[in-house]
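The values are calculated or read from the model by the stated rules, or taken from the named source; none is laboratory data. Not measured: the values here are computed from a predicted model. In this analysis, Cβ positions are derived from the backbone assuming ideal geometry, glycine residues included, and neighbour counts consider all displayed protein chains.
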Amino acid sequence: MISMFLPAHKLELDISRVLTYFDIFDYPLTSLEIWQLLPIRCSYDQVLATLPSSPATMNNGFYCLYGREEIIITRQQRYNIADRKFKKALRLSRLFALLPWIKLIALVNLIGQHNLKAQGDIDLFIVTNQNRLWLTRLLCVGFLKLLRLRPTPQHNTDTICLSFLIDDSNLNLEPFLLQQATDNRDRYFTYWLANLHPLYNRNQTYDQLIIANNWLRHYLPNWQPKVLNHKRQFNKKATTDQPWAGLNYLDNLAKRFQYWLMAPAIKAQMNQNTQVVINDHVLKLHVLDRREQFYQQYLNKLQHHV
(Lines give C-alpha, C1' and ligand atoms only; values in the text may rest on other atoms or scores of the structure.)
Protein backbone atom coordinates (compact mmCIF):
# COMPACT_ATOMS: atom_id res chain seq x y z
CA MET A 1 0.00 0.00 0.00
CA ILE A 2 1.39 3.42 -0.98
CA SER A 3 1.84 5.75 1.93
CA MET A 4 -0.23 8.90 1.34
CA PHE A 5 0.81 10.60 4.58
CA LEU A 6 4.59 10.25 4.48
CA PRO A 7 6.10 13.28 6.27
CA ALA A 8 7.92 15.51 3.77
CA HIS A 9 10.99 15.85 6.01
CA LYS A 10 11.30 12.07 6.23
CA LEU A 11 11.25 11.71 2.46
CA GLU A 12 13.76 14.57 2.05
CA LEU A 13 16.09 12.84 4.50
CA ASP A 14 15.91 9.50 2.72
CA ILE A 15 16.45 11.12 -0.68
CA SER A 16 19.54 12.81 0.72
CA ARG A 17 20.80 9.49 2.09
CA VAL A 18 20.42 7.75 -1.26
CA LEU A 19 22.22 10.56 -3.10
CA THR A 20 24.96 10.54 -0.46
CA TYR A 21 25.62 6.82 -0.87
CA PHE A 22 25.85 6.99 -4.65
CA ASP A 23 28.00 10.10 -4.43
CA ILE A 24 30.76 7.79 -3.16
CA PHE A 25 30.84 6.33 -6.67
CA ASP A 26 30.49 9.68 -8.51
CA TYR A 27 27.06 8.63 -9.72
CA PRO A 28 24.13 11.07 -9.91
CA LEU A 29 20.64 9.62 -10.17
CA THR A 30 17.49 10.26 -12.15
CA SER A 31 14.25 10.87 -10.26
CA LEU A 32 13.05 7.37 -11.21
CA GLU A 33 16.25 5.79 -9.89
CA ILE A 34 15.93 7.72 -6.63
CA TRP A 35 12.37 6.48 -6.18
CA GLN A 36 13.30 2.86 -6.84
CA LEU A 37 16.30 2.98 -4.48
CA LEU A 38 14.55 4.61 -1.52
CA PRO A 39 14.24 2.50 1.66
CA ILE A 40 10.65 3.66 2.29
CA ARG A 41 7.47 2.97 0.35
CA CYS A 42 6.08 6.01 -1.41
CA SER A 43 4.73 7.05 -4.79
CA TYR A 44 6.82 8.38 -7.63
CA ASP A 45 4.71 11.55 -7.57
CA GLN A 46 5.69 12.10 -3.93
CA VAL A 47 9.35 11.93 -4.89
CA LEU A 48 8.84 14.43 -7.74
CA ALA A 49 7.04 16.80 -5.37
CA THR A 50 9.75 16.53 -2.71
CA LEU A 51 12.89 16.79 -4.85
CA PRO A 52 12.75 20.61 -5.28
CA SER A 53 12.92 21.07 -1.49
CA SER A 54 15.47 18.31 -0.87
CA PRO A 55 19.23 18.94 -0.52
CA ALA A 56 19.81 18.08 -4.18
CA THR A 57 20.65 19.91 -7.37
CA MET A 58 19.48 18.87 -10.83
CA ASN A 59 20.96 19.24 -14.29
CA ASN A 60 20.06 17.43 -17.52
CA GLY A 61 17.65 15.22 -15.60
CA PHE A 62 20.22 14.01 -13.03
CA TYR A 63 20.23 14.79 -9.31
CA CYS A 64 23.26 15.02 -7.04
CA LEU A 65 24.38 16.70 -3.85
CA TYR A 66 25.04 20.44 -3.94
CA GLY A 67 28.61 21.18 -4.92
CA ARG A 68 29.00 17.86 -6.77
CA GLU A 69 27.60 18.88 -10.15
CA GLU A 70 30.73 17.66 -11.94
CA ILE A 71 29.68 14.02 -11.43
CA ILE A 72 26.79 14.61 -13.82
CA ILE A 73 29.36 15.11 -16.57
CA THR A 74 31.22 12.03 -15.29
CA ARG A 75 28.12 9.85 -15.67
CA GLN A 76 27.52 11.12 -19.19
CA GLN A 77 31.13 10.47 -20.17
CA ARG A 78 31.01 6.94 -18.80
CA TYR A 79 27.98 6.02 -20.86
CA ASN A 80 29.92 5.44 -24.08
CA ILE A 81 32.66 3.59 -22.22
CA ALA A 82 30.09 1.38 -20.54
CA ASP A 83 28.26 0.75 -23.80
CA ARG A 84 31.44 -0.62 -25.35
CA LYS A 85 32.03 -2.91 -22.39
CA PHE A 86 28.41 -4.02 -22.42
CA LYS A 87 28.64 -5.12 -26.04
CA LYS A 88 31.80 -7.08 -25.27
CA ALA A 89 30.13 -8.81 -22.30
CA LEU A 90 27.16 -9.68 -24.51
CA ARG A 91 29.39 -11.27 -27.16
CA LEU A 92 31.22 -13.40 -24.61
CA SER A 93 27.94 -14.39 -22.99
CA ARG A 94 26.76 -15.83 -26.29
CA LEU A 95 29.80 -18.11 -26.27
CA PHE A 96 29.36 -19.12 -22.63
CA ALA A 97 25.69 -19.88 -23.31
CA LEU A 98 26.76 -22.72 -25.60
CA LEU A 99 27.13 -24.70 -22.37
CA PRO A 100 23.60 -26.10 -22.04
CA TRP A 101 23.63 -26.08 -18.25
CA ILE A 102 24.19 -22.33 -17.88
CA LYS A 103 20.85 -20.72 -16.96
CA LEU A 104 21.66 -17.06 -16.35
CA ILE A 105 24.52 -14.71 -17.20
CA ALA A 106 24.25 -11.20 -15.80
CA LEU A 107 26.39 -8.10 -15.89
CA VAL A 108 26.86 -6.93 -12.33
CA ASN A 109 27.95 -3.62 -10.89
CA LEU A 110 26.72 -1.55 -7.98
CA ILE A 111 25.26 0.99 -10.37
CA GLY A 112 24.48 -1.22 -13.32
CA GLN A 113 25.89 -1.30 -16.82
CA HIS A 114 26.17 2.49 -17.21
CA ASN A 115 28.89 3.19 -14.62
CA LEU A 116 31.73 1.03 -15.85
CA LYS A 117 35.07 2.85 -15.74
CA ALA A 118 37.46 2.83 -18.68
CA GLN A 119 40.21 1.05 -16.73
CA GLY A 120 37.95 -1.43 -14.98
CA ASP A 121 37.15 -5.06 -15.66
CA ILE A 122 33.71 -6.53 -16.41
CA ASP A 123 32.03 -8.60 -13.68
CA LEU A 124 29.68 -11.40 -14.65
CA PHE A 125 27.35 -13.36 -12.38
CA ILE A 126 26.40 -16.88 -13.53
CA VAL A 127 23.70 -19.35 -12.49
CA THR A 128 24.08 -22.99 -13.52
CA ASN A 129 22.24 -26.26 -13.12
CA GLN A 130 23.16 -28.35 -10.09
CA ASN A 131 26.38 -30.39 -10.35
CA ARG A 132 27.71 -28.10 -13.08
CA LEU A 133 29.09 -25.20 -11.03
CA TRP A 134 32.77 -26.12 -10.96
CA LEU A 135 32.82 -27.42 -14.50
CA THR A 136 31.26 -24.19 -15.73
CA ARG A 137 33.88 -22.03 -14.07
CA LEU A 138 36.74 -24.22 -15.30
CA LEU A 139 35.57 -24.07 -18.91
CA CYS A 140 34.72 -20.36 -18.88
CA VAL A 141 37.92 -19.32 -17.12
CA GLY A 142 39.94 -21.53 -19.43
CA PHE A 143 38.33 -19.91 -22.45
CA LEU A 144 39.07 -16.43 -21.07
CA LYS A 145 42.68 -17.37 -20.46
CA LEU A 146 43.07 -18.46 -24.06
CA LEU A 147 41.74 -15.08 -25.16
CA ARG A 148 43.87 -13.26 -22.57
CA LEU A 149 40.74 -11.80 -21.02
CA ARG A 150 41.40 -12.79 -17.42
CA PRO A 151 42.27 -9.85 -15.10
CA THR A 152 45.86 -9.73 -13.85
CA PRO A 153 47.75 -7.21 -11.68
CA GLN A 154 49.31 -5.87 -14.89
CA HIS A 155 46.18 -5.91 -17.06
CA ASN A 156 42.66 -5.18 -15.91
CA THR A 157 41.00 -3.05 -18.59
CA ASP A 158 38.07 -4.78 -20.34
CA THR A 159 38.94 -8.18 -18.84
CA ILE A 160 36.24 -10.51 -17.55
CA CYS A 161 35.94 -11.38 -13.86
CA LEU A 162 34.07 -14.56 -12.88
CA SER A 163 34.09 -14.34 -9.11
CA PHE A 164 30.45 -15.19 -8.29
CA LEU A 165 28.67 -18.30 -9.53
CA ILE A 166 25.78 -20.21 -7.97
CA ASP A 167 23.62 -23.13 -9.01
CA ASP A 168 19.84 -23.07 -9.28
CA SER A 169 19.36 -24.70 -5.86
CA ASN A 170 20.88 -21.64 -4.16
CA LEU A 171 19.04 -18.65 -5.64
CA ASN A 172 18.41 -16.88 -2.33
CA LEU A 173 21.34 -14.49 -1.88
CA GLU A 174 20.31 -13.08 1.49
CA PRO A 175 22.88 -15.20 3.38
CA PHE A 176 25.61 -13.24 1.57
CA LEU A 177 24.70 -9.95 3.22
CA LEU A 178 27.33 -8.78 5.67
CA GLN A 179 26.85 -10.87 8.77
CA GLN A 180 26.53 -7.84 11.04
CA ALA A 181 24.24 -6.05 8.59
CA THR A 182 21.27 -4.40 10.26
CA ASP A 183 19.02 -1.56 9.10
CA ASN A 184 20.33 -1.93 5.55
CA ARG A 185 23.94 -1.62 6.65
CA ASP A 186 24.90 -3.65 3.59
CA ARG A 187 23.53 -1.15 1.10
CA TYR A 188 26.17 -2.19 -1.40
CA PHE A 189 24.85 -5.73 -1.77
CA THR A 190 21.18 -4.72 -1.97
CA TYR A 191 21.96 -2.16 -4.68
CA TRP A 192 24.24 -4.68 -6.42
CA LEU A 193 21.41 -7.19 -6.66
CA ALA A 194 18.83 -4.58 -7.67
CA ASN A 195 21.04 -3.40 -10.54
CA LEU A 196 21.92 -6.85 -11.84
CA HIS A 197 21.43 -6.85 -15.62
CA PRO A 198 20.65 -10.19 -17.32
CA LEU A 199 22.49 -10.80 -20.58
CA TYR A 200 21.33 -14.39 -21.05
CA ASN A 201 18.20 -15.70 -19.35
CA ARG A 202 17.19 -19.32 -19.94
CA ASN A 203 13.86 -20.67 -18.70
CA GLN A 204 13.06 -17.42 -16.86
CA THR A 205 15.87 -17.92 -14.36
CA TYR A 206 16.10 -14.17 -13.70
CA ASP A 207 12.43 -14.15 -12.67
CA GLN A 208 13.08 -17.11 -10.35
CA LEU A 209 16.05 -15.26 -8.86
CA ILE A 210 13.91 -12.21 -8.08
CA ILE A 211 11.21 -14.36 -6.48
CA ALA A 212 13.80 -16.18 -4.36
CA ASN A 213 15.14 -12.82 -3.15
CA ASN A 214 11.87 -11.27 -2.06
CA TRP A 215 13.74 -9.92 1.01
CA LEU A 216 15.01 -7.18 -1.32
CA ARG A 217 11.56 -5.59 -1.11
CA HIS A 218 12.11 -4.99 2.60
CA TYR A 219 15.04 -2.68 1.83
CA LEU A 220 13.82 -1.32 -1.52
CA PRO A 221 10.00 -1.38 -1.45
CA ASN A 222 9.61 0.74 -4.62
CA TRP A 223 12.08 -1.23 -6.72
CA GLN A 224 10.92 -3.00 -9.87
CA PRO A 225 12.77 -5.72 -11.84
CA LYS A 226 14.27 -4.56 -15.08
CA VAL A 227 12.18 -4.51 -18.24
CA LEU A 228 14.83 -5.38 -20.79
CA ASN A 229 15.30 -4.32 -24.38
CA HIS A 230 15.79 -7.34 -26.66
CA LYS A 231 19.00 -5.72 -27.92
CA ARG A 232 20.38 -5.80 -24.38
CA GLN A 233 19.91 -9.52 -23.77
CA PHE A 234 19.36 -12.75 -25.65
CA ASN A 235 17.45 -15.93 -24.93
CA LYS A 236 17.59 -19.45 -26.26
CA LYS A 237 14.87 -22.02 -26.56
CA ALA A 238 14.27 -23.94 -23.37
CA THR A 239 16.72 -26.80 -23.11
CA THR A 240 17.48 -29.42 -20.54
CA ASP A 241 20.88 -30.52 -19.39
CA GLN A 242 20.97 -34.28 -19.62
CA PRO A 243 21.79 -35.72 -16.16
CA TRP A 244 24.66 -37.79 -17.51
CA ALA A 245 26.66 -39.25 -14.62
CA GLY A 246 29.88 -38.61 -16.51
CA LEU A 247 29.35 -34.86 -16.30
CA ASN A 248 28.79 -35.13 -12.55
CA TYR A 249 32.12 -36.89 -12.31
CA LEU A 250 33.80 -34.21 -14.45
CA ASP A 251 32.33 -31.51 -12.21
CA ASN A 252 33.91 -33.19 -9.21
CA LEU A 253 37.25 -33.41 -11.01
CA ALA A 254 36.97 -29.73 -11.94
CA LYS A 255 36.34 -28.92 -8.28
CA ARG A 256 39.42 -30.78 -7.09
CA PHE A 257 41.60 -29.27 -9.82
CA GLN A 258 40.50 -25.67 -9.18
CA TYR A 259 40.78 -26.06 -5.43
CA TRP A 260 44.36 -27.21 -5.91
CA LEU A 261 45.06 -24.08 -8.02
CA MET A 262 43.39 -21.62 -5.65
CA ALA A 263 45.51 -18.82 -4.25
CA PRO A 264 46.42 -19.09 -0.54
CA ALA A 265 44.55 -15.81 0.11
CA ILE A 266 41.31 -17.40 -1.09
CA LYS A 267 41.80 -20.58 0.92
CA ALA A 268 42.60 -18.57 4.05
CA GLN A 269 39.25 -16.74 3.88
CA MET A 270 37.17 -19.64 2.60
CA ASN A 271 33.84 -19.94 4.44
CA GLN A 272 35.01 -17.66 7.24
CA ASN A 273 32.55 -14.91 6.33
CA THR A 274 30.33 -13.80 3.45
CA GLN A 275 33.23 -12.61 1.31
CA VAL A 276 34.62 -15.96 0.18
CA VAL A 277 32.12 -18.82 0.06
CA ILE A 278 33.13 -22.09 -1.58
CA ASN A 279 31.03 -25.26 -1.74
CA ASP A 280 29.16 -27.41 -4.24
CA HIS A 281 26.47 -24.76 -4.78
CA VAL A 282 28.29 -21.42 -4.47
CA LEU A 283 31.55 -19.95 -5.69
CA LYS A 284 31.88 -16.43 -4.27
CA LEU A 285 35.49 -15.31 -4.45
CA HIS A 286 35.47 -11.69 -3.28
CA VAL A 287 38.76 -11.61 -1.40
CA LEU A 288 38.89 -7.82 -1.51
CA ASP A 289 35.42 -7.07 -0.19
CA ARG A 290 35.06 -3.32 0.36
CA ARG A 291 31.45 -3.23 1.50
CA GLU A 292 32.29 -2.21 5.07
CA GLN A 293 34.67 0.46 3.79
CA PHE A 294 31.98 1.92 1.55
CA TYR A 295 29.55 1.99 4.46
CA GLN A 296 32.01 3.94 6.60
CA GLN A 297 32.57 6.40 3.75
CA TYR A 298 28.82 6.80 3.52
CA LEU A 299 28.54 7.55 7.26
CA ASN A 300 31.32 10.14 7.00
CA LYS A 301 29.57 11.86 4.10
CA LEU A 302 26.29 11.90 5.98
CA GLN A 303 27.85 14.08 8.66
CA HIS A 304 28.44 16.80 6.08
CA HIS A 305 25.32 16.52 3.92
CA VAL A 306 22.47 15.45 6.22
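State yes or no: is LEU104 assigned by TED's automatic domain parsing to the domain that holds ASP207, surrounded by 20 or more Cβ atoms within 10 Å (Cβ to Cβ), at pLDDT below 85 and closer than 30 Å to TRP215 by Cα? No. Among residues that are modelled with pLDDT under 90, part of a loop (DSSP other than H, G, I, E, B) and either touching a Phe, Trp or Tyr at 6+ places or on another chain (Cβ under 8 Å) or not hydroxyl-bearing (Ser, Thr, Tyr) (or both), LEU247 is not included. Being outside the structural domain of LEU216 (by TED's automatic domain parsing), surrounded by 13 or more Cβ atoms within 10 Å (Cβ to Cβ), in contact with a Ser or Thr (Cβ under 7 Å, 6 or more places away or on another chain) and free of Cβ contacts under 8 Å to residues at least 24 places away in the same chain is a property that LEU32 lacks. Within the range 38-61, the set of residues being in a strand (DSSP E or B) and either in contact (Cβ under 8 Å) with a residue 60 or more places away in the chain or within 14 Å of THR20 (Cα to Cα) (or both) comprises just one member, THR57. Scanning the range 202-238 for residues that are at pLDDT below 70, more than 29 Å from TYR44 (Cα to Cα) and surrounded by 12 or more Cβ atoms within 10 Å (Cβ to Cβ) yields PHE234, ASN235, LYS236. For the range 145-174, filtering for residues that are in contact with a Lys or Arg (Cβ under 7 Å, 6 or more places away or on another chain) and without any contact (Cβ under 8 Å) to a residue 40 or more places away in the chain leaves 2. Inspect all residues belonging to the range 150-165 and state whether any of them is assigned to a helix (DSSP H, G or I) and out of contact with any Asp or Glu (no Cβ under 6 Å at 6 or more places or on another chain). No: the range 150-165 contains no residue that is assigned to a helix (DSSP H, G or I) and out of contact with any Asp or Glu (no Cβ under 6 Å at 6 or more places or on another chain).
Please tell me if ILE71 is buried (at least 20 other Cβ atoms within 10 Å of the Cβ) and outside any loop (DSSP other than H, G, I, E, B). Before you say what the answer is, go through the steps one by one.
Values: buried (at least 20 other Cβ atoms within 10 Å of the Cβ): no; outside any loop (DSSP other than H, G, I, E, B): yes.
For ILE71, the condition - buried (at least 20 other Cβ atoms within 10 Å of the Cβ) and outside any loop (DSSP other than H, G, I, E, B) - is not met.
Only a single criterion out of (1) at pLDDT below 85; (2) touching a strand residue (DSSP E or B) at 6+ places or on another chain (Cβ under 8 Å) is not satisfied by ALA97, namely (1).
If you check ALA82, ALA106, which single one turns out to be assigned to a helix (DSSP H, G or I) and either among the hydrophobic types (A, V, I, L, M, F, W, C) or within 21 Å of TYR188 (Cα to Cα) (or both)? Can you show your working first?
On the way: ALA106 fails: assigned to a helix (DSSP H, G or I).
Sole residue among the options that is assigned to a helix (DSSP H, G or I) and either among the hydrophobic types (A, V, I, L, M, F, W, C) or within 21 Å of TYR188 (Cα to Cα) (or both): ALA82.
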